[in-house]
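Chemist: The following block contains the structure, expressed as structure tokens.
Just so you know, all these numbers are worked out from the coordinates, no wet-lab data involved. The model shown is predicted, which means the values in this text are computed figures rather than measured ones. We place every Cβ from the backbone using ideal geometry, glycine too, and count neighbours over all the protein chains shown.
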Amino acid sequence: MQLEHAYIFDAVRSVRGRAKAGGALHDLTPHALLGHLYDALVTRTGLDPGVVADVILGCVTQHAEQAGNIARTSALYAGWPHQVSGLTVNRFCSSSIDAINIAALKVGAGQATAVVAGGVEMMSRAPMLSDQASVFSDPAYAARCQMLLMGSGADLIATLCGVTREQADHVAWQSQQRAANAINAGYFRSLVPVINPMRGSAVEADECVRPQTSLESLKAMNPAFADLGASGADAQQLAAYPHLERIEHIHTAGNSPAMADGAALLLVGSKEFGRVLGRPPRARISAATTAADEPLQVLSGCIAATSQLMSEQHLTVDAIDLFEIHEAFAATMVKAQRELHIPADKMNVNGGVIALGHPMGATGAMLTITLLDELERRDQRLGLVAASGAGGSGSALLIERV
């Protein structure tokens, strides 16, 4: 769908913390983490929160602290005016791309002059699957709904595409090296340090990156999803793909996304809003799309969405300066490069979620912010961001610097 007059005026993200009790952000509630970003957005832009019509956030595990429409409650928690509404969306790991898309649609339709969009996921406090959804916890129900866990989808993609363990480990190693370089070089300009009051210190860098990772250390890791396959996932996939003899379990903790805590916000508005704000936009949201691929592959939606968006906009890979594609396990990235023919020097140039971390509901917004920062650093114009949800879903945005 073509979008008109929807602009990104600024964007902020938190650091990513490890999703465990000792992680750098674990002491903060999701509302407190978002509060840092609401404050930063106001400080950076001079925004009057009262002109914001809506806050739209992606959040996957809407359970406990993350339940109860966190988009609405977090804005109130941050002291924003009560007339600022809120909407929480869930398309699994592409949720915050969809949040940005909804914001752009509202602005483009004249329903709002300014919307804050983004996402949050505190996986150390609301772990993945803690909401106990039947489509993941009840095998018979899951089979009827064609829903499998992400690691099973990744191993099926590897099997179908002939991705070797060595290729998958190289994707992970490259992600770690690129992320470490980006951090050391200060490329993440929109990152906001987060004060952890429990520790009396500021968290200033993404915590999940492991620059010491080597191909040898990755090779030593054991497959992570063989037991999951043996519990029924392999049988379901083999029944759907009878030409396969077995599922190759090549994914490990090292070449899979790192679970993380984090949040991100973007200020989306009209050209008229920019005049009121008194500052030019950083980029225009040129187009967006959603797509759905074969559900038993689980994670291929980012590829389908990227291909669909380029087709709808009559764009070739050569016309796009940079791609940020959700590293939904290493095999998905190999499949993406093979099918989309994206050069390695255009895709995830500052690492991806295998290294940087994957706070599910916030990842799409974080990818968008990383893309915007890098387009500005390189003085380039056009970028595409895409993320996979579960069940084969995927979403993509095209952003253009103005």
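Chemist: For the condition surrounded by 20 or more Cβ atoms within 10 Å (Cβ to Cβ), touching a residue at least 12 places away in the same chain (Cβ under 8 Å) and over 19 Å from the mean Cα position of the chain (by Cα), what is the one hit in L41, L57, L34?
Modeler: L41
Chemist: Here's a follow-up. Does any residue in the stretch 5-29 that is farther than 30 Å from R275 by Cβ come within less than 6 Å, Cβ to Cβ, of a residue that is buried (at least 22 other Cβ atoms within 10 Å of the Cβ) and among the hydroxyl-bearing types (S, T, Y) six or more places away or on a different chain, and which pairs are these?
Modeler: A19/S124; K20/S124; G23/S124; H26/S124
Chemist: If A288 passes every condition in (1) in a helix (DSSP H, G or I); (2) in contact (Cβ under 8 Å) with a residue 60 or more places away in the chain; (3) surrounded by 16 or more Cβ atoms within 10 Å (Cβ to Cβ) but one, which one does it miss?
Modeler: (1)
Chemist: For the subset of the stretch 148-176 comprising residues that are within 20 Å of the chain's Cα centre (by Cα) and in a loop (DSSP other than H, G, I, E, B), which member is surrounded by the most Cβ atoms within 10 Å (Cβ to Cβ)?
Modeler: Selected residue: L148.
Residues are listed down the side, and each one gets a yes or a no for (1) touching a Ser or Thr at 6+ places or on another chain (Cβ under 6 Å); (2) of a type in the set (F, W, Y); (3) in a helix (DSSP H, G or I); (4) farther than 19 Å from Y187 by Cα:
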position	(1), (2), (3), (4)
V334	no, no, yes, yes
Q337	no, no, yes, yes
I342	no, no, no, yes
A386	yes, no, no, yes
G394	yes, no, no, yes
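Chemist: Can you confirm whether D318 is in contact with a Ser or Thr (Cβ under 9 Å, 6 or more places away or on another chain), of a type in the set (D, E), surrounded by fewer than 24 Cβ atoms within 10 Å (Cβ to Cβ) and part of a helix (DSSP H, G or I)?
Modeler: no
Chemist: While we're here: Only residues that are part of a helix (DSSP H, G or I) and in contact with a strand residue (DSSP E or B) (Cβ under 6 Å, 6 or more places away or on another chain): list them for the stretch 75-99, please.
Modeler: Those that are part of a helix (DSSP H, G or I) and in contact with a strand residue (DSSP E or B) (Cβ under 6 Å, 6 or more places away or on another chain): A75, S95, S96, I97, D98, A99.
Chemist: What number of residues within the stretch 177-206 satisfy the criterion of being in a helix (DSSP H, G or I), in contact (Cβ under 8 Å) with a residue 60 or more places away in the chain and surrounded by fewer than 21 Cβ atoms within 10 Å (Cβ to Cβ)?
Modeler: Going through the stretch 177-206 one residue at a time, the tally reaches 4.
Chemist: Another one. Can you name every residue in the stretch 151-184 that is of a type outside the set (G, A, S) and more than 25 Å from K346 (Cβ to Cβ)?
Modeler: Within the stretch 151-184, D155, L156, T159, R165 qualify.
Chemist: All but one of (1) surrounded by fewer than 24 Cβ atoms within 10 Å (Cβ to Cβ); (2) under 28 Å from A19 (Cβ atoms) hold for G278; state the number of the condition that does not hold.
Modeler: Single failed check for G278: (2).
Chemist: Moving on. Go through the stretch 100-142 and give me each residue that's out of contact with any helix residue (DSSP H, G or I) (no Cβ under 8 Å at 6 or more places or on another chain), part of a helix (DSSP H, G or I) and surrounded by fewer than 24 Cβ atoms within 10 Å (Cβ to Cβ).
Modeler: If the condition is that a residue be out of contact with any helix residue (DSSP H, G or I) (no Cβ under 8 Å at 6 or more places or on another chain), part of a helix (DSSP H, G or I) and surrounded by fewer than 24 Cβ atoms within 10 Å (Cβ to Cβ), then I102, L105, K106, G108, S137, A140 are the ones that fit.
Chemist: State all residues of the stretch 318-346 that are within 21 Å of R377 (Cβ to Cβ) and of a type in the set (A, V, I, L, M, F, W, C); if no residue qualifies, say none.
Modeler: A319, I320, L322, F323, I325, I342, A344
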